[in-house]
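**Student:** Handing you a structure now.
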Amino acid sequence: MCGRYATFGPASLSRQGRDVLERLELDLTSEINQRDDRFNIAPTQRALIVTAGDRRADSGLARWGLIPSWARDASIGAKTINARREGLAEKPAFRAAVRRRRCLVPASGYYEWTGEKGSKQPYFIQAADGGLLLFAGLWEVWRGPDDEPVRSFTIVTGEPGKVTGDVHDRQPVMLAPEAWEDWLFAPVEPALEALGSAAGPDLVFHPVGKRVGSPKNDGPELIEPIVI
């Protein structure tokens, strides 16, 4: 799973990634570099996502933890911060979003914990080249009792790679630039094919301090490596 992540500048992308976003008329790296750095994004907080607009990509904030349109209240979002890739199109909470509301979630890296309950050690995982990651995600709009729309999202997870398998048995699905447009714009079957073939970037990880466990903490010291 992915229960915490970070988005901070300076954000960078490969040439191919920049070309794709240029076609989509979105200057994502500049937008991230102009925003406040976030080193401990937690469930229920609002974070940046990229969605499909009219022949282009749009970006904006959404609440982490997908709230289906049919939900009675927002509390279900605490259980839907992640969506397993396997059987995604059949799950009641996600099947409508898979067809019509897919998104990309920019991240500079994310955290996972390993070890025994009560003494788990957090690790920060990022691209080997320090570049921006784009997670596959889904989003929805829910209206509460006051009829105000709440836009929310979830991060799709899949099997771990060779590196992250040492830390956790799941990882966010990280899409390569050639899959971004299909995930955002294609009909559901080609989009799911792109999701299933996601190779993702090379990753590295290092242990960090346990202060990241509290969403009240934020700052660059949270991603600093420690000796264990």
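The values are calculated or read from the model by the stated rules, or taken from the named source; none is laboratory data. Remember, predicted model here, so these are calculated numbers, not experimental data. Don't worry about glycine lacking a Cβ; one is built from the backbone with ideal geometry, like all the others, and counts go over all protein chains shown.
**Student:** Given the criteria more than 25 Å from LEU132 (Cα to Cα) and over 13 Å from the mean Cα position of the chain (by Cα), does ARG101 qualify?
**Tutor:** Criteria not met by ARG101.
**Student:** Give VAL167, VAL163, VAL212 a once-over and let me know the one that is touching a Leu at 6+ places or on another chain (Cβ under 9 Å), at pLDDT below 95 and more than 30 Å from ARG55 (Cα to Cα).
**Tutor:** After applying the criteria, what remains is VAL163.
**Student:** How do the pairs read when you match residues in region 77-92 that are without any contact (Cβ under 8 Å) to a residue 60 or more places away in the chain and under 23 Å from ARG46 (Cα atoms) with residues anywhere that are part of a loop (DSSP other than H, G, I, E, B) and of a type in the set (Val, Ile, Thr), using Cβ under 9 Å and keeping only pairs 6 or more apart or on different chains?
**Tutor:** Close Cβ pairs satisfying both conditions: ALA78/THR44.
**Student:** Shifting gears a bit: Answer yes or no as to whether ALA96 is assigned to a strand (DSSP E or B), among the hydrophobic types (A, V, I, L, M, F, W, C) and farther than 20 Å from ILE223 by Cα.
**Tutor:** Numbers: assigned to a strand (DSSP E or B): no; among the hydrophobic types (A, V, I, L, M, F, W, C): yes; farther than 20 Å from ILE223 by Cα: yes.
No: the conditions fail for ALA96.
**Student:** Of (1) over 23 Å from PHE8 (Cα atoms); (2) buried (at least 17 other Cβ atoms within 10 Å of the Cβ); (3) touching a residue at least 60 places away in the same chain (Cβ under 8 Å), LEU203 satisfies all except one. Which?
**Tutor:** (1)
**Student:** Tally time: how many residues in region 168-192 are touching a helix residue (DSSP H, G or I) at 6+ places or on another chain (Cβ under 6 Å), free of Cβ contacts under 8 Å to residues at least 24 places away in the same chain and surrounded by fewer than 17 Cβ atoms within 10 Å (Cβ to Cβ)?
**Tutor:** Adding up the residues that qualify gives 1.
**Student:** Which strands (runs of 3 or more DSSP E) sit wholly inside region 1-80 and have at least 1 residues that are of a type in the set (Phe, Trp, Tyr) and surrounded by 14 or more Cβ atoms within 10 Å (Cβ to Cβ)?
**Tutor:** Ranges flagged: 4-7, 38-41, 57-64.
**Student:** Take region 97-108 and flag every residue that is surrounded by fewer than 21 Cβ atoms within 10 Å (Cβ to Cβ), of a type outside the set (Val, Ile, Thr) and either modelled with pLDDT of 95 or more or touching a helix residue (DSSP H, G or I) at 6+ places or on another chain (Cβ under 8 Å) (or both). Break it down stepwise before answering.
**Tutor:** Initial filter on region 97-108 (surrounded by fewer than 21 Cβ atoms within 10 Å (Cβ to Cβ)): 98-101.
Checking which are of a type outside the set (Val, Ile, Thr) leaves us with 99-101.
Passing the criteria: ARG99, ARG101.
**Student:** Are any residues in region 124-143 closer than 22 Å to ALA6 by Cα, surrounded by fewer than 21 Cβ atoms within 10 Å (Cβ to Cβ) and out of contact with any Leu (no Cβ under 8 Å at 6 or more places or on another chain), and if so, which ones?
**Tutor:** Once the filter is applied, which keeps residues that are closer than 22 Å to ALA6 by Cα, surrounded by fewer than 21 Cβ atoms within 10 Å (Cβ to Cβ) and out of contact with any Leu (no Cβ under 8 Å at 6 or more places or on another chain), region 124-143 yields ASP129, GLY130.
Results for (1) outside any strand (DSSP E or B); (2) at pLDDT 90 or above; (3) closer than 22 Å to ALA89 by Cα, shown as yes or no for each residue.
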| residue | (1), (2), (3) |
| --- | --- |
| GLU112 | no, yes, no |
| SER119 | yes, no, no |
| PHE135 | no, yes, yes |
| PRO145 | yes, no, no |
| SER152 | no, yes, yes |
| GLU189 | yes, yes, yes |
| LEU195 | yes, no, yes |
